[in-house]
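Single-structure report; data block below.
The values are calculated or read from the model by the stated rules, or taken from the named source; none is laboratory data. Predicted model, so just to flag it, every value in this text is computed and none were measured. Here the Cβ is made from the backbone with ideal geometry for all residues, glycine too, and neighbour counts use every protein chain on show. In case anyone asks, the SASA skips ligands and DNA or RNA and just uses the protein heavy atoms, side chains included. Shrake-Rupley method; radii C 1.70, N 1.55, O 1.52, S 1.80 Å.
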Protein chains: 2
Amino acid sequence: MIAEIVTVGTEILMGNIINTNAAYLAKKCAQVGLDMYHQTVIGDNKERLRETIKTALDRSDIIFLTGGLGPTDDDITKEVTAQVFGLSLYEDTHTKERIEDYFQNIKAKIVTNNNWKQALVPEGAFVVDNHNGTAPGLIIEEKGKMAILLPGPPGELKPMMEEAIIPYLEKKQPEKFYSQMVKVLSVGESRVETLIKDLIEKQSNPTIAPYAKIGEVHLRVTAKARDAEEAKQLMAPIIKELEERFGDNIYTTKEEVTLEEEIVRLLKEKNLKVTFAESCTAGLLAGRLVNVPGASSVFEEGFITYSNEAKNKMIGVSTNTLEAHGAVSHETAKEMALGAAKKANAEAAVSITGIAGPQGGTKEKPVGLVYIGVKVLDSIETREYHFTGNRTKNRESAVVKGLTFLRERLLQVK
Amino acid sequence: MIAEIVTVGTEILMGNIINTNAAYLAKKCAQVGLDMYHQTVIGDNKERLRETIKTALDRSDIIFLTGGLGPTDDDITKEVTAQVFGLSLYEDTHTKERIEDYFQNIKAKIVTNNNWKQALVPEGAFVVDNHNGTAPGLIIEEKGKMAILLPGPPGELKPMMEEAIIPYLEKKQPEKFYSQMVKVLSVGESRVETLIKDLIEKQSNPTIAPYAKIGEVHLRVTAKARDAEEAKQLMAPIIKELEERFGDNIYTTKEEVTLEEEIVRLLKEKNLKVTFAESCTAGLLAGRLVNVPGASSVFEEGFITYSNEAKNKMIGVSTNTLEAHGAVSHETAKEMALGAAKKANAEAAVSITGIAGPQGGTKEKPVGLVYIGVKVLDSIETREYHFTGNRTKNRESAVVKGLTFLRERLLQVK
């Protein structure tokens, strides 16, 4: 069955609110096995809303309409939808009582009359109680089509979906979508796509879709199946094939695992502590590792050495090195990693020194040039990177490459 | 003129990515005085995309199409749009060279053939260089209609809008929207709204719209005017009124100025150097200050002291204090700020120590409890904060409060 989302609200149309409801609903639709080809945003305008609903009903089986169910004059979704279906509205006693209870509960002193408009429902519609607000949800089923009306505030829409709408839809759908994420490092998006072109072309169930992230490409493998077990069996050969093609560049096949979590896991497994010496990233690398709850078991301290003097004073980079090769060099990156590891008494260390921009670049050392050093036990290696983004993007790229490089060396520890 | 946004991409349609581009573009359209009645999301499907573009061209003057300009087979936006306009594609030499340069700059070893697809442009189209990626933007103008094609990644789309598309559109519009941003610290969103309710209610031109950020509320004042001068005159009384109501809590009235930039400016003005001692934020505070190009004139080094031992060893927090009061306490925050300032030889220091969660909380010291210390010249003060978000949000809140607190103390320096 084909679903479609119509978001009603001028504040979304004007860009004052980001349409997170559509993303949420789209995900849920995929999970209950509904296909989706269109999403629309429309303002609080009767004529355009009517046109939009008609078009949606022509091409889809289920329309989700969100927003415009409240008490004010520009809340028109219910009225217009009922009109398109040719249904009249009546006052639903149960909903009216629920709204009265709601206002009593929040000890409202003044309840304006327009609130009772929310107790009007289209004849034959299934009324879904709203436990977090006043406007009820509504399911209209007529002539093989379904319209699901939900309030706009995510705090009302989401519980209603989870508690009532999804169970309702699941009963109608024998097959659902299940997905798994294969996260790939060190290979650019277009190269990834070339490497799996044959798999993408012959795909039907499961499918593979690549998503580019900073320094990573995520491959979402999605299977349509009756249950999780069947989905797993369908996906297994594809996951295996991807693992063969990308090898160690895959750091996880779990959606919820982040790169920093995988690093913390590896450090724990190898029983190593890590430290960081950061110049242009100035704490972002350490800050990212500490995203992981429990990072304290592998990380105790880090050094933000932004000036040359700090590099010398805090972690013992020699002034000779700084003068002869500059702060942005293989040599400085090497001494930063070694010095930080020693100071922090850590077995592993990552150093980052570079020119984030927009100023500070020269012909020999342009903006975007970054050196990263990684020490793990007795080995030390430094690498040169060239990033081409703005200051923020270059610093974020350096952080991801620092983590990627560290992971690579950790994998070599027996 | 009426604009419309068509977002192309199955990952948006499936809810895997939130459509922040549409909100961004909608705001920019409002600012250049374009009306907007429809936004659509569509997958990577030629037939449906063709239908969507045709419908959009029927009812709107300008269509923004985002996404689907990349190198792979499912990038179809350019091909389908050119087809609808009846234009053929040719290889643009300038774009081809730019793509070659791009790959040379990033020292790409393998450039797959599909990349050259991005150098194909529709005849007569205006080509907009992409300084942050390979796919160029395109403006097609035919028979009184305009299609603007932009790459999907926000890091490519936004700079292209700001640098090329907005100036291009502004030339075509007689009355434009101008806006100014009043950025308020230390006052919650609902309190801000209550304090300016009267101003919002009587507004027409200019208007005021509040946006809640972590630890900040931004008030956008927007005027419709023929030129910047007229807009400025319209906005001046409102800005003055807001300044009277919020006083020192306003840190800037300029859209482009960030809190960290204002801090760097104040430090330069007072001729002070700052350092940071971070526990739960682990580098995020320093990392944020260094967002500002030229931060090196006020910041040289910082300390990430995640463990108790690091707090003692790196910046001299006494083991007595740590034992008697714990790492998360007024006393530790105080010694961290004092110790860091001394070690870094800086006149100002900010320390942060807290329980970010989800583990580590107790009845006495719950998750979200954070102490921040600020030393400026001879004064030292510590404050207690209670945040109620998840780990990420608590750490971000602590960073903003650290900057806010530091600003407050810097304002007192004569």
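Volume of the convex hull of chain B (Cα atoms only), normalised per residue: 183 Å³. Couplings 3J(HN,Hα) of the stretch A:127-136, computed from phi: 8, 9, 4, 9, 8, 10, x, 9, 6, x Hz, in residue order, whole Hz [Karplus 6.51 cos²θ - 1.76 cosθ + 1.60, θ = phi - 60°; x for Gly and Pro]. Rounded to the nearest whole Hz, the Karplus-based 3J(HN,Hα) values (6.51 cos²θ - 1.76 cosθ + 1.60, θ = phi - 60°) of the stretch A:83-89 follow the sequence 4, 4, 7, x, 10, 8, 9, with x at glycine and proline. A label point on A:I110, set 7 Å along the Cα-to-Cβ line, lies at 6.9 nm from each of its counterparts in the other copies, closest listed first.
Among the DSSP beta bridges whose two residues both lie in the stretch A:195-317, what percent are antiparallel, rounded to the nearest 5? Can you show the working numbers first?
Working: 7 of 10 bridges.
If I count the DSSP bridges inside the stretch A:195-317, around 70 percent turn out antiparallel.
What is the dipole size for the stretch A:60-217, taken about its Cα centre, with +1 at each Lys and Arg Cβ and -1 at each Asp and Glu Cβ, in debye to the nearest 20?
Values: 17 positive and 24 negative charges, 90 e Å.
That gives the stretch A:60-217 a dipole magnitude of about 440 debye.
Here the Gaussian network model covers chain B, with springs between Cα atoms less than 10 Å apart; of B:T305, B:T66, B:T388, B:T388 fluctuates the most. Using a 1.4 Å probe over protein heavy atoms, the accessible area lost on pairing B with A, summed over both chains, comes to approximately 5500 Å².
Taking every pair of alpha-carbon atoms in the stretch A:127-170, give the share separated by more than 16 Å as a whole percent.
So the pairs more than 16 Å apart make up 31 percent of the total in the stretch A:127-170.
Think of each Lys and Arg Cβ as +1 and each Asp and Glu Cβ as -1; about the Cα centre, that makes the dipole of the stretch B:260-414 roughly 140 debye.
Trypsin sites (Lys or Arg not before Pro) within the stretch A:96-179: which are DSSP loop residues with at most 13 other Cβ atoms inside 10 Å?
Numbers: sites: A:K96, A:R98, A:K107, A:K109, A:K117, A:K143, A:K145, A:K171, A:K172, A:K176; in loops: A:K107, A:K109, A:K143.
Passing both the DSSP loop test and the Cβ count: A:K107, A:K109, A:K143.
All C-alpha to C-alpha distances of the stretch B:73-114, sorted into 10 Å bins beginning at zero, yield P(r) values of 22, 40, 30, 8 percent in whole numbers.
Against chain A, whose longest principal axis is taken from its Cα atoms, helix A:259-270 shows a tilt of about 50°. A dipole drawn for the protein assembly as shown from +1 and -1 charges on Cβ atoms has a positive end, and of B:V84, A:A30, A:A344 the residue lying farthest that way is A:A344.
Scan the stretch A:219-266 for trypsin sites (Lys or Arg not before Pro) in coil per DSSP, keeping those whose Cβ has at most 14 other Cβ atoms within 10 Å, and list them by number. Here the trypsin sites (Lys or Arg not before Pro) that fit, given the DSSP loop and packing criteria, are A:R226, A:K254.
Go through A:K197/A:K365; A:K334/B:K334; A:K54/A:K232; A:K202/B:K27; A:K117/B:K240; A:K401/B:K158 and tell me which ones have a Cα-Cα distance over 30 Å in this structure.
Beyond 30 Å: A:K197/A:K365; A:K334/B:K334; A:K54/A:K232; A:K202/B:K27; A:K117/B:K240.
Computed over the Cα atoms of the stretch B:175-218, the ratio of the radius of gyration to the Kirkwood radius (Rg/Rh) comes to 1.00.
Both the radius of gyration and Dmax for the protein assembly as shown are 28.2, 85 Å, in that order, over alpha-carbon atoms.
Each Lys and Arg contributes +1 and each Asp and Glu -1, all at the Cβ; summed about the Cα centre of chain B, the dipole is approximately 980 debye. Counting only alpha carbon atoms, the long axis of helix A:330-344 and the longest principal axis of chain A meet at about 80°. Sorted shortest first, the distances from the B:H94 label point to those of the same residue in the other copies are 6.6 nm; each point sits 7 Å from Cα along Cα-to-Cβ.
Classify the stretch A:8-73 from the C-alpha gyration tensor, please: rounded if a/c falls under 1.5, else prolate or oblate depending on whether a/b exceeds b/c. The shape class here is oblate.
Counts of other chain beta carbons within 10 angstrom of each beta carbon in peptide B:38-51 average 4.
Work the Kirkwood hydrodynamic radius out for the stretch B:325-414: mean of 1/r over every pair of different alpha-carbon atoms, inverted, in Å.
Numbers: mean 1/r = 0.0756 Å⁻¹.
One over the average 1/r among Cα pairs gives 13.2 Å for the stretch B:325-414.
Using a Gaussian network model of chain A in which every pair of alpha carbons under 10 angstrom is joined by a spring, one finds that among A:Y251, A:Y371, A:Y24 the greatest mean-square fluctuation is at A:Y24.
Sparse packing (at most 15 other Cβ atoms within 10 Å of the Cβ) combined with a DSSP loop state is found for the following GluC sites (Glu not before Pro) in the stretch B:81-189: B:E123, B:E175.
Seen against the Cα atoms of chain A and their longest principal axis, helix A:93-105 is set at about 50 degrees.
Would you kindly give the portion of the calculated P(r) for the stretch A:223-381 that falls above 28 Å, as a percent of all Cα pairs? Before the final figure, lay out the partial values.
On the way: 4484 of 12561 pairs.
Beyond 28 Å sits 36 percent of the P(r) for the stretch A:223-381.
When the Kirkwood radius is taken over all Cα pairs of the stretch B:9-139, what Stokes-Einstein diffusion coefficient follows at 10 °C and 1.306 mPa s, in µm²/s?
On the way: Rh = 16.1 Å.
Roughly 99 µm²/s, to the nearest whole number.
Amide H to amide H, with H built 1.01 Å from N, A:V32 comes under 5 Å of A:F177, counting only residues 5 or more places away or on other chains.
With label points defined 7 Å past Cα in the direction of Cβ, position B:G316 shows copy-to-copy spacings of 2.2 nm, given to one decimal and shortest first.
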